[in-house]
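The values are calculated or read from the model by the stated rules, or taken from the named source; none is laboratory data. Everything numeric in this text was worked out from a predicted model, so none of it was measured. Positions of Cβ are generated from backbone atoms using ideal geometry, with glycine treated the same way; all protein chains shown enter the neighbour counts. Ligands, DNA and RNA are stripped out before the accessible areas are found, and what is left, the full protein with its side chains, is counted by its heavy atoms. Shrake-Rupley method; radii C 1.70, N 1.55, O 1.52, S 1.80 Å.
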Amino acid sequence: TSSLKSSQCKAFTGTFLDLNQFLCWETHDELLPIYGQYQVADLAKCSAQFYQQYGKIVKLSGLIGRPDLLFVYDADEIEKIYRTEGPTPYRPSMPCLVYYKSKVRKDFFGDLPGVVGVHGEPWREFRTKVQKPILQLQTVKKYIKPIEDVTKHFIHRFVNIKEKVNEMPADFDNEIHKWSLECIGRVALDVRLGCLDKNLPVNSEPQKIIDAAKYALRNVAILELKAPFWRYVPTPLWTRYVKNMDYFIQVCMKYIDAAVERLRTKESVDERDLSLVERILASEPDPKTAYILALDLILVGIDTISMAVCSILYQLATRPEEQERIHLELKQVLPSADIPLTSKHLDQMQYLRAFVKEVYRMYSTVIGNGRTLQQDTVICGYRIPKGVQLVFPTIVTGNMEEYVNKACEFLPERWLKTPGDTTYRIHPFASLPYGIGARMCLGRRFADLEIQILLAKLVRSYRLEYHHEPLDYKVTFMYAPDGELKFKLIRR
């Protein structure tokens, strides 16, 4: 086992690089938005270049106000770390959100920090309070019809906003954000927010929520990669970030208070008939638990689900053979396009789900997961000290031939393996779009449900095409196609 000393690192060029010695401040400047060679949008490319240039373990040092980062590209090592991390893993994420919750608005959050951007016992205690209702299949299934209703409304709008050339407008990604918020509002706030109403004003509440979520998430990288002056003086970027977060709290409180009142006036309270919000309010006397859960679901959910859908629809539109196979499967499952969806129908859509998994593998919406080591750990033969932040770049490992055979080919069928089938090989820890273990994404079941319902309703009745120059993928907060989604929609 080698310790992390520069003199030793030299002997392992191509396996490990101590960037303190070799790149130091230059590398940090390259990662800074505006100032360096690379923009935030290029972070996925940076991650791939680190692996190509230096191998399976790369240390990045000299980041102002942040601990060292250790990029790990070895799926076996990643598996070992996940399997030994214990009940309260420390996931390094959003220091600016942590600061907002623990310092700026401690008066509101107090001892209920939520599940995003927090760690240790406070995180475990809050997650324990909310994870049963949000992860139970019984609860999730209750939302099939409500989300189907939202999605039918969205597709109707989809059809009506086509331009003369039968294409979506340049800002179609904002329409996807409206659908996403309407779904999340139905789940997290028990309301229809009206996001899909015709001619929604730019200053309407739904559009302001979307704009605030985009701003809050898409500026996280700038707040955290640049020198964190906001910790000491209220920079303009930080001031607007705080204003947007305060607006989220205001919206969540308004709708959860209304849900409290509805629950109070219900004649009977049968847990089997309660919504997600009602179940949490019925079991937790303090409505603040529901406020904060709704805040976290909306803050993280709007942009992540929207960008995932943008990527999935783009891949669908540019892969006609796979799209036709999904359509044939849907015709078998739903002989008539008007049949209301059930959980049984969704379970039968195996190729549709495989297509989504393959998009996530090749174009992972989340470019990487991470952990902060809570104890000294041996990784790839090096003794890594406690406190180092690990980065697991799933956008790279999910495309490594060592862990995924035929990694450069888009093959949804690789996810349809039957017992004993050895045609396709994929390491179980190479592609983890929702993470894994105790800190796996809390809203993953609802995200999958929303995406599956949208694809089922859309592809069953329409063909999606794209007839423009191919789009590059870039990072905002998520990894998604960069450019105008001018899809052509054709009635089947």
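For the residues Thr394, Thr128, a 1.4 Å probe over the protein chains yields an accessible-area ranking, largest first, of Thr128, Thr394. For segment 67-160, the alpha carbon convex hull comes to 221 Å³ per residue, rounded to a whole number. Compactness of the chain, taken as the C-alpha radius of gyration over 2.2 N^0.38 Å, stands at 0.99.
Within segment 303-345, the percentage of alpha carbon pairs spaced more than 12 angstrom apart rounds to 68%. Label positions at His468 and Gln374, each projected 7 Å from the Cα along the C-beta direction, are separated by 4.7 nm. Annotation: amide H of Gly370 within the under-5 Å range of Phe392, sequence separation 5 or more or interchain, hydrogens built in the peptide plane.
When Rg and the Kirkwood radius Rh are both evaluated on Cα atoms of segment 380-472, their ratio Rg/Rh stands at 1.04.
Across the protein chains, with a 1.4 Å probe defining accessible surface, the residues Thr422, Thr235 rank Thr422, Thr235 from largest area downward.
Note that segment 343-349 has calculated 3J(HN,Hα) couplings of 4, 5, 4, 4, 5, 7, 8 Hz, one per residue in order, obtained from phi through the Karplus relation 6.51 cos²θ - 1.76 cosθ + 1.60 (θ = phi - 60°); glycine and proline are x.
Neighbours of Glu79 by Cβ distance under 14 Å: Lys/Arg scored +1, Asp/Glu scored -1, total -1.
Working note: Karplus 6.51/-1.76/1.60 with θ = phi - 60° gives segment 462-475 the couplings 9, 9, 9, 10, 9, 10, 10, 4, x, 9, 7, 9, 9, 9 Hz, where Gly and Pro are set to x.
With 0.36 nm allotted per residue and the present C-alpha distance subtracted, the Arg157-Met440 stretch has 98.5 nm of extension available. The residue list Ile379, His327, Phe355 was ranked by how far each Cα lies along the charge dipole of segment 284-394 toward its positive end, using unit charges on Cβ atoms, and Ile379 comes out on top.
Counting only DSSP beta bridges with both residues in the chain, the antiparallel share comes to about 80 percent. Residues Ser311, Ser336 ordered from highest to lowest accessible area at a 1.4 Å probe: Ser336, Ser311. The distance from the alpha carbon centre of segment 372-447 to that of segment 171-226 is 30 Å, rounded to a whole number. Assuming charge only on the beta carbon of Lys and Arg (+1) and of Asp and Glu (-1), the dipole of segment 448-492 about its Cα centre is about 440 debye to the nearest 20.
Two tests apply to each whole DSSP H helix in the chain, Cα reach of 30 Å or more along its axis and mean Kyte-Doolittle hydropathy of at least 1.0, and the ones passing both are 288-317. Here the alpha carbons of segment 346-425 define both size measures, Rg and Dmax, at 16.4, 47 Å.
The Cα atoms of segment 188-264 cover 47, 33, 16 Å along the three principal axes, with the biggest extent listed first. Extension gain for Lys141 to Thr235 (0.36 nm times residue separation, less C-alpha to C-alpha distance): 29.4 nm. Could you state the orientation-averaged shadow area of the convex hull built on the Cα atoms of segment 64-108, in nm² to one decimal? Its Cα hull, projected and averaged over all orientations, spans 4.8 nm².
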